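Single-structure report; data block below.
The values are calculated or read from the model by the stated rules, or taken from the named source; none is laboratory data. This is a predicted model, so every value here is computed, not measured. Quick reminder, even Gly has a Cβ in these numbers, built from the backbone with ideal geometry, and neighbours come from all protein chains shown. The accessibility values were calculated without ligands, DNA or RNA, using every heavy atom of the protein model including side chains. Shrake-Rupley method; radii C 1.70, N 1.55, O 1.52, S 1.80 Å.
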Amino acid sequence: MLEMADLKETMTKEAYRELSKIQKEQLVALQQTIKQYKIPVIILFEGWGTAGKGSLISKLILNLDPRGFKVYSTAEPTETEKRYPRFWRYWQRMPAWGNMAIFDRSWYQEVGMYRVQQDISDKEWKKHIQYIRQMEQTLTDNGYVVLKFFLHISQNEQRKRLKKLAADSHTKWRVSKKDLRCNQEYDTYYKAFDEMLEKTSTANAPWHIIPSHNRYVALTKIYRDVINAINAEAGRKQAFTPVVDSGIETPASLYTRYPTLEMPKLSEVDLNKSLTEAEYSVELKKAQKRLRQLHQVLYHNKIPVIIAYEGWDAAGKGGNIKRVAAALDPRGFEVVPIASPNKDELARHFLWRFWKNLPKDGHIAIFDRTWYGRVMVERLEGFCTRDDWTRAYNEMNAFEDELVGCGAIVIKFWIHIDKDEQLVRFTARQNTPSKQWKITEEDWRNRDKWDQYEIAVNDMLQYTSTPFAPWHIIESNDKKYARVKTIRIINQTIIDELNRRGIDPDGKPTGKEDGKKGGWF
């Protein structure tokens, strides 16, 4: 793709002044358009060292209201950032609707510059390319404008600029060994950059190759592309009529990129399973003891775990989580209760608040309700459009695929009871003063929609139970049985994954290492 840039193109200062005057006026106006239509904009600047990223960003933002954007300079991840998934630090910086985020270098360092410098394997590179495409697709499908600029200069031009910087005592600090190596091995880096651009230039987030020998040419092209992209999204929003319905009917057809496991319908699940008090006391202590041991192995091997709980109201999620938490070191886990999104959360992609709460490596995050609200309560209550929730199955599969691919263990539970048992528990809560806080009018309204929710849950199980993050249906008419079964599944899932990674459940090497032991990175 780099050959598309005409490095000989020039522009006089006078021509630039005339053209840029019009473009700058358009940019000022477009910031209001962004706010009017609540368009979140992400602008990435990548390119060769000394290609002028800093000065071009400075020129661009001079035309913008500083209250509507933030600029982020991306360096190598800090020690703290390394304890989270690769994209975690970028999700922290996602702009709210109607705002801009401008990145001086971005998530492309790992598949461009670092690929050469750190000798990343082809397998790892291809996986990271996949995650980048998935993330950008998810963002643009949800209304984000993602603008990607690669600033291109020749080897000779880069060499001249490096020499000029090195000759000045005020700027020589800007010339690093990596920059010099990049110039010396220009052809190697050229090939790596070109392949990166080719594999990640998509219809929804194309690359714009900017010839940067002449800064006037570079600026006018950047202005032009920003203006065109925002105008196009504003036009799309003007023409788009969202379809918000009850979401009761299952889609006639739903495309999913991920293979899924066969799951029973909720009506087919046998809820008559139970434990006696004596059995429960013995089996719970045994399961908790094993989980306590496994938590130490996870911590020492820096393996993060995400446990996701969904289920019917009054199904026993709280008590179930309490028994799991009782087996864990309190310094190594967090329970994340998910309620209705707040103002900041509503102003961003629906996955943003879950990215923010992912665990550090070696830690466990237990989500009491999850991202699956998108295809249940938001679907049925009309809090999002039909396009939003039908698209979300793939988005959530992609999210979990990335978490697992980056080193996490993802365990998902649907806590299941029947309608009669729910009524018994609702009535008991309402008639017991110490438990009345647990029952609300919303709970009764949701109960009235039981049949609709059952359709939505069956769809969720069908479309999102994947080999890398399967659903586990927990029979919970008997809470004792449910609690023991849940912890046993957690234990077995962790044991299986430890063995796959070449780690004995007691922390000893098995000699069957698959190349990924622990940590997010």
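Can you name the residue in region 116-153 that is β-branched (Val, Ile, Thr) and under 18 Å from the mean Cα position of the chain (by Cα) and is also surrounded by the most Cβ atoms within 10 Å (Cβ to Cβ) among such residues? Quick ask: steps written out before the conclusion?
To start, the set of residues in region 116-153 that are β-branched (Val, Ile, Thr) comprises 116, 120, 129, 132, 138, 140, 145-146, 153.
Okay, now just the ones that are also under 18 Å from the mean Cα position of the chain (by Cα), so 129, 132, 138, 140, 145-146.
Details: Ile129: 17, Ile132: 23, Thr138: 21, Thr140: 17, Val145: 21, Val146: 19.
It comes out as Ile132.
Can you tell me how many residues in region 209-234 are farther than 11 Å from Asp6 by Cα, open to solvent by 30 Å² or more (accessible area, probe 1.4 Å) and touching a helix residue (DSSP H, G or I) at 6+ places or on another chain (Cβ under 8 Å)?
4
What's the number of the only condition in (1) within 25 Å of the chain's Cα centre (by Cα); (2) part of a helix (DSSP H, G or I) that Asp225 fails to meet?
It is condition (1) that Asp225 fails.
If Arg89 satisfies all but one of (1) under 19 Å from Ile39 (Cβ atoms); (2) without any contact (Cβ under 8 Å) to a residue 40 or more places away in the chain, what's the number of the condition it fails?
Of (1) under 19 Å from Ile39 (Cβ atoms); (2) without any contact (Cβ under 8 Å) to a residue 40 or more places away in the chain, only one is false for Arg89: (1).
When Arg348 is evaluated against the numbered criteria (1) open to solvent by less than 30 Å² (accessible area, probe 1.4 Å); (2) in contact (Cβ under 8 Å) with a residue 60 or more places away in the chain, which criterion, by number, is the only one it fails?
(1)
Just one of Gly47, Gly54 is open to solvent by less than 10 Å² (accessible area, probe 1.4 Å) and farther than 23 Å from Ala347 by Cα; which is it?
So the residue among Gly47, Gly54 that is open to solvent by less than 10 Å² (accessible area, probe 1.4 Å) and farther than 23 Å from Ala347 by Cα is Gly47.
State whether one or more residues within region 282-296 are within 27 Å of Gln430 (Cα to Cα), surrounded by 14 or more Cβ atoms within 10 Å (Cβ to Cβ) and of a type in the set (Gly, Ala, Ser). Before the answer, list the steps.
Just the residues of region 282-296 that are within 27 Å of Gln430 (Cα to Cα), to begin with: none.
Checked against the condition, which is being within 27 Å of Gln430 (Cα to Cα), surrounded by 14 or more Cβ atoms within 10 Å (Cβ to Cβ) and of a type in the set (Gly, Ala, Ser), region 282-296 yields no hits at all.
Is it fair to say Glu14 is free of Cβ contacts under 8 Å to residues at least 40 places away in the same chain and part of a loop (DSSP other than H, G, I, E, B)?
Judged against the criteria, Glu14 is not a match.
Counting just the residues of region 464-479 that are among the polar types (S, T, N, Q) and either modelled with pLDDT under 95 or within 23 Å of Lys286 (Cβ to Cβ) (or both), which one comes out most open to solvent (accessible area, probe 1.4 Å)?
Asn477
So which of Gly407, Gly382 is under 18 Å from Leu298 (Cβ atoms) and assigned to a loop (DSSP other than H, G, I, E, B)?
Gly407
List every residue pair whose Cβ atoms lie under 9 Å apart, where the two residues are 6 or more positions apart in sequence or sit on different chains, the first residue falls within region 158-178 and is in a loop (DSSP other than H, G, I, E, B), and the second residue, located anywhere, is open to solvent by 90 Å² or more (accessible area, probe 1.4 Å) and of a type outside the set (S, T, N, Q).
Here the result reads Thr171/Lys164; Val175/Lys163, each pair linking region 158-178 to a residue that is open to solvent by 90 Å² or more (accessible area, probe 1.4 Å) and of a type outside the set (S, T, N, Q).
Scan region 138-157 and report the pairs whose first residue is over 14 Å from Pro95 (Cβ atoms) and whose second residue is of a type outside the set (A, V, I, L, M, F, W, C) and part of a loop (DSSP other than H, G, I, E, B), with Cβ atoms within less than 7 Å and a gap of 6+ or a chain change.
If the second residue must be of a type outside the set (A, V, I, L, M, F, W, C) and part of a loop (DSSP other than H, G, I, E, B), the pairs left are Leu151/Gly52; Leu151/Ser212; His152/Ser212; Ile153/Ser212; Ile153/His213; Glu157/His213.
Rundown of residues vs (1) touching an Asp or Glu at 6+ places or on another chain (Cβ under 9 Å); (2) assigned to a helix (DSSP H, G or I); (3) modelled with pLDDT of 95 or more, yes/no style:
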| site | (1), (2), (3) |
| --- | --- |
| Glu442 | yes, yes, no |
| Tyr481 | yes, yes, yes |
| Ile495 | no, yes, yes |
| Gly507 | no, no, no |
| Trp520 | yes, no, no |
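Return yes when Glu76 is part of a helix (DSSP H, G or I) and open to solvent by 40 Å² or more (accessible area, probe 1.4 Å) and no when it is not.
In short, no.
Could you grab the pairs with beta carbons closer than 8 Å, sequence gap of 6+ or different chains, first residue in region 276-298 and within 10 Å of Ile487 (Cα to Cα), second one assigned to a helix (DSSP H, G or I) and open to solvent by 30 Å² or more (accessible area, probe 1.4 Å)?
Leu284/Arg323; Leu284/Lys480; Leu284/Arg483; Ala287/Arg488; Gln288/Arg323
In region 286-313, which residues are among the acidic types (Asp, Glu) and more than 23 Å from the chain's Cα centre (by Cα)?
Residue satisfying the conditions is Asp313 alone.
Looking at region 165-187, can you tell me whether even one residue there is polar (S, T, N, Q), under 33 Å from the mean Cα position of the chain (by Cα) and farther than 23 Å from Met4 by Cα?
First, the residues of region 165-187 that are polar (S, T, N, Q): 169, 171, 176, 183-184.
Filter once more, keeping what is under 33 Å from the mean Cα position of the chain (by Cα): 176.
If we keep only those that are farther than 23 Å from Met4 by Cα too, we end up with 176.
Checked region 165-187: at least one residue is polar (S, T, N, Q), under 33 Å from the mean Cα position of the chain (by Cα) and farther than 23 Å from Met4 by Cα.
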